[in-house]
Amino acid sequence: MKRSSKVLLTVFFIVIAIVAVGFLYYRSFLSSPDYKASQVHYLFRVEDESYFVRIDDTKRMVYIVSFPKESYDPERRESLFSERPLSDLEKIENLLQVKAERAFYSVMSKDEFLKLCHDLLGRQVESFTDFVKELSKRKMRFFDFLFVGSWVKDFGFNNLNRFSLYKFLEKASSYAIDIFEAPTITKKPVTVKVQGKEYQRLYLDPEKLKVITEEMKR
């Protein structure tokens with residue numbers, strides 16, 4: 001066999017090996033339990049705003065509900081904003097009466113969020129809901145799966161992994177999206193005193209929240 005033929009054959013096998021490894025790596029996303037879960041919940045927090053995200057594969061829907069920092073559940077008498085994001089996510093699930101197979105969170109400063117927008121979108125947007133809208137326009141690109149692992153760190157303090165993040169990015173770019181603002185009884189926070197301490201609270205409207213719940217369960 002000529003030397004040139006050996007070189008071409010070696011290159012051919014290297015290319016085949018790279019393609020095979022890439023395919024297996026891609027398949028690892030699609031076969032992961034976090035990706036295959038039919039309902040997945042996320043809590044994304046950017047500065048003083050929290051965004052509850054529900055992905056429902058059975059309906060091919062992404063639901064987003066935004067909650068201000070001062071949000072307060074008057075029925076359970078608890079704030080939805082603490083230093084324990086997973087606990088806050090559970091409170092929102094109870095409030096909306098929805099459950100999921102998997103739950104993840106991400107807590108970002110404004111600067112971290114702006115960097116995330118720049119890295120994924122190439123430009124900055126004002127809010128997380130705008131970020132999701134731009135993701136839906138951008139669409140998921142095939143080779144994005146190669147970079148998802150490195151993008152996880154851009155989401156600040158989080159319990160995300162490459163599989164759960166890939167699911168969020170892919171479904172946000174392919175499913176229909178419904179966006180809601182948590183309904184409140186008053187437009188502005190009210191100041192209350194509890195054991196000598198002052199708190200700013202926005203009391204959520206339980207009856208109007210049921211409309212959001214019905215939409216998710218429809």
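Can you run down the residue pairs with Cβ atoms below 7 Å, 6 or more apart or on separate chains, where the first is in region 139-158 and more than 20 Å from SER32 (Cα to Cα) and the partner is assigned to a helix (DSSP H, G or I) and open to solvent by 100 Å² or more (accessible area, probe 1.4 Å)?
ASP154/LYS115
Return the residues of region 136-158 that are in contact with a strand residue (DSSP E or B) (Cβ under 9 Å, 6 or more places away or on another chain) and either open to solvent by 50 Å² or more (accessible area, probe 1.4 Å) or closer than 17 Å to ASP56 by Cβ (or both); say none if nothing qualifies.
Scanning region 136-158 gives SER136, PHE157.
Which of the numbered conditions does GLU170 fail, given that it passes all the others? Conditions: (1) farther than 27 Å from LYS210 by Cα; (2) open to solvent by less than 50 Å² (accessible area, probe 1.4 Å); (3) in contact with a helix residue (DSSP H, G or I) (Cβ under 7 Å, 6 or more places away or on another chain).
All conditions pass for GLU170, except number (3).
Which of the residues that make up region 175-218 are open to solvent by 60 Å² or more (accessible area, probe 1.4 Å) and within 15 Å of LYS59 (Cβ to Cβ)?
Answer for region 175-218, where residues must be open to solvent by 60 Å² or more (accessible area, probe 1.4 Å) and within 15 Å of LYS59 (Cβ to Cβ): GLU214, LYS217, ARG218.
Can you tell me how many residues in region 84-104 are open to solvent by 30 Å² or more (accessible area, probe 1.4 Å) and more than 18 Å from the chain's Cα centre (by Cα)?
Residues in region 84-104 being open to solvent by 30 Å² or more (accessible area, probe 1.4 Å) and more than 18 Å from the chain's Cα centre (by Cα): 2 in total.
The values are calculated or read from the model by the stated rules, or taken from the named source; none is laboratory data. For clarity, every value in this text was computed on a predicted model and none was experimentally measured. Methodologically, a virtual Cβ is constructed for each residue, glycine included, from the backbone with ideal geometry; neighbour enumeration extends over all protein chains shown. Areas reflect the complete protein model, heavy atoms only, side chains present, ligands, DNA and RNA absent. Shrake-Rupley method; radii C 1.70, N 1.55, O 1.52, S 1.80 Å.
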